[in-house]
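Report on one structure; see the data block that follows.
The values are calculated or read from the model by the stated rules, or taken from the named source; none is laboratory data. Because the structure is a prediction, the values reported are computed rather than measured. All Cβ positions, even for glycine, are placed from backbone atoms using ideal geometry, and neighbour counts span all protein chains on display. Heavy atoms of the whole protein, side chains included, go into the accessibility calculation; ligands, DNA and RNA do not. Shrake-Rupley method; radii C 1.70, N 1.55, O 1.52, S 1.80 Å.
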Amino acid sequence: MAASGCLLLLLLPSLVIASHSPPGCKIRITSKGLDLVKQEGLRFVEQELQNITVSDLHGSEGHFQYNISQVKVTDLQLAFSDLNFQPQQHLVFNISNASISLRFRRQLLYWFFYDIGSINASADGVHIYTVLQLAKDEAGRLKISNMTCNASIARMHAGFSGTLRKVYEFLSTFIVTGMRFLLSQQICPSLEHASLVLLNSLLDTVPVRNYVDEHIGIDYSLLRDPSITTDTLELDFKGMFFPRVREDQELENHAVEPVIKETERMVYVAFSEYFFDTAMHSYFQAGVLTIELQGEKVPKDLEVLLRATFFGTIFMLSPSVDAPLRLVLQVSAPPRCTIKPSGTSVSVSAFLNISLVPPDRPPVQLSSMAMETKLSAKVFLQGKALRVQLDLRRYGWGPMGVWGGSPPHPTHNCFLLCRFRIYSKQSALESLALFSLQAPLKTLLQLTIMPIINERTKKGVQIPLPEGMDFTREVVTNHAGFLTVGADLHFSKGLREVIEKYRPVPTAAAYSSSQPAEPSLDPSSL
């Protein structure tokens, strides 16, 4: 028994580490970002409270009978409001000393006097305190999982007009008290529906698992519930790409976990090396990291040089000397991303096969060489899309290692310093002959291959934000093992606009039941 207990203690640290998977993408929303959300959220709350439906009120007191119907909110004054973070998973929305103006239809019967008309009323000292609990659902999507609400009305006044005004004011206590109770009872259900239904429909617009293009997709599912402090809200996303041919593929994350310390901007988004590595691994698995150039697509200067380099081989192939050339560049292993404070780079290993393609005859291979290069990667935002632009020129061209059969030993200076290396897969002698291809292949990669790759990645990948919310004033900062994008936010669409776009169409039965009944004009119904 003691031995099993010791074994459990030894395994416990590893179990804790395994349960905390590092995120590939992390988002931090600061108190400044929450202030912007508060401004838009307050407009949304006003719109919801203006749509409050209050049940008809009817009753009697002695010879006085009344029926109140068609209650409508005509004005709202939410002068004092606040939205704050509350550890560990909550947002607190507080409205104090607000006022609500109402207008409703009256039917009054006092002895033999029957009167109908409208009444203007106002509820003052309205206090609303709501707490929203945030959590991830089963699909890994951020949701408002629970809400607590407390609403109260300090005072309510009703204004009457007409010949029986004095009588109405004397008997208005029954009406005002009942209306105050009914109104206070409708505030929290209205906000609960707005939060758990409408705002959650807005959160449904955040991409969780969707396709980037015809080859790969992205998984932005939350790894755990949000972490909230008094100043920030942080979300840990898986941030993993997957090939569409193998959507169930999972890659372990051994990269450095992003750590966001800044709070000056409204929002910060961090991406680890794992995020970019899975994208390149997925493209590799999809089999699209291959580029073929043939005939007129091969640059003329390069074609002349290649024919001169392999003149002996080509001469022996008569009558195929004038056959078009074909160059096939194929990535041989998933590229790897390295993020340092000095910049971001992508290491690529590839094979370049050079062949003659005689008409109506099998291709004749002239050479097969291995290429290793390190590309500079510029990461930037365009709208809500994260884009990467690759460039070879930023690193320059150091001494080129030339060897045959296999790469040199890692301790060789050339292996450590070079940004680009080619070597023959066939012989050391051919490797020496390839030395003259250094500059032309540089030109081929930079002017022909790189534009093709950058065009394929031009669309970028969307950052997980709700529809209608966009970035402004973006700044990308590199760290050791991850990079961050700091930005401010603005609403290109209002919450109401987005919610109405995705609101389910109510059924006929639901629509009819939600409409207030028309009041009766028959005094006998009182």
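In table form, for the structure just shown:
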| quantity | calculated |
| --- | --- |
| Residues being of a type in the set (Asp, Glu) and either open to solvent by 70 Å² or more (accessible area, probe 1.4 Å) or closer than 29 Å to Pro189 by Cβ (or both) - total across the range 109-127 | 1 |
| Search result, residues across the range 201-217 that are part of a strand (DSSP E or B) and in contact with a helix residue (DSSP H, G or I) (Cβ under 8 Å, 6 or more places away or on another chain) | Tyr211, Ile216, Gly217 |
| Residue in the range 95-108 that is among the aliphatic types (A, V, I, L, M), assigned to a strand (DSSP E or B) and surrounded by fewer than 19 Cβ atoms within 10 Å (Cβ to Cβ) present | no |
| Counted residues, the range 360-378 - those being β-branched (Val, Ile, Thr) and crowded, with 19+ Cβ neighbours inside 10 Å | 1 |
| Where Gly59 falls short, out of the listed (1) under 30 Å from Ala255 (Cα atoms); (2) modelled with pLDDT under 80; (3) in the same structural domain as Leu198 (by the TED database) | (1) |
| The lone exception for Gln89 - which of (1) open to solvent by 30 Å² or more (accessible area, probe 1.4 Å); (2) modelled with pLDDT under 85 it fails | (2) |
| Among (1) open to solvent by 50 Å² or more (accessible area, probe 1.4 Å); (2) under 27 Å from Ser355 (Cα atoms); (3) not small (Gly, Ala, Ser), the one test that Val298 misses | (1) |
| Pair list, Cβ under 7 Å, 6 or more apart: the range 220-240 residue closer than 20 Å to Asn84 by Cα and open to solvent by less than 20 Å² (accessible area, probe 1.4 Å), other residue polar (S, T, N, Q) and assigned to a loop (DSSP other than H, G, I, E, B) | Pro226/Gln89; Ile228/Gln88; Ile228/Gln89; Thr232/Thr263 |
| Members of the range 244-278 that are within 20 Å of Tyr211 (Cα to Cα) and exposed (fewer than 15 other Cβ atoms within 10 Å of the Cβ) | Val245, Arg246, Glu247, Asp248, Gln249, Glu250 |
| Subset of the range 185-219 (residues that are open to solvent by 20 Å² or more (accessible area, probe 1.4 Å), farther than 20 Å from Leu465 by Cα and not polar (S, T, N, Q)) | Cys188, Pro189, Glu192, His193, Glu214, His215 |
| Top-ranked residue of the range 445-463 - restricted to ones that are outside any helix (DSSP H, G or I) and at pLDDT below 90, ranked as farthest from Ile216 (Cα to Cα) | Lys458 |
| So Lys340, is it in the same structural domain as Phe275 (by the TED database), open to solvent by 40 Å² or more (accessible area, probe 1.4 Å) and closer than 30 Å to Tyr268 by Cβ | yes |
| Residue under evaluation Leu329, criteria (1) at pLDDT below 90; (2) farther than 15 Å from Ile449 by Cβ; (3) open to solvent by less than 50 Å² (accessible area, probe 1.4 Å), criterion not met | (2) |
| Any hit, the range 128-144, residues being more than 19 Å from Ser31 (Cα to Cα), polar (S, T, N, Q) and either in a strand (DSSP E or B) or open to solvent by less than 70 Å² (accessible area, probe 1.4 Å) (or both) | no |
| Subset of the range 65-94 (residues that are assigned to a strand (DSSP E or B) and over 20 Å from Leu182 (Cα atoms)) | Phe80, Ser81, Asp82, Leu83, Asn84, Phe85, Gln86, His90, Leu91, Val92, Phe93, Asn94 |
| In the range 22-41, residue least open to solvent (accessible area, probe 1.4 Å) [restricted to those that are modelled with pLDDT under 90 and out of contact with any Gly (no Cβ under 9 Å at 6 or more places or on another chain)] | Gly41 |
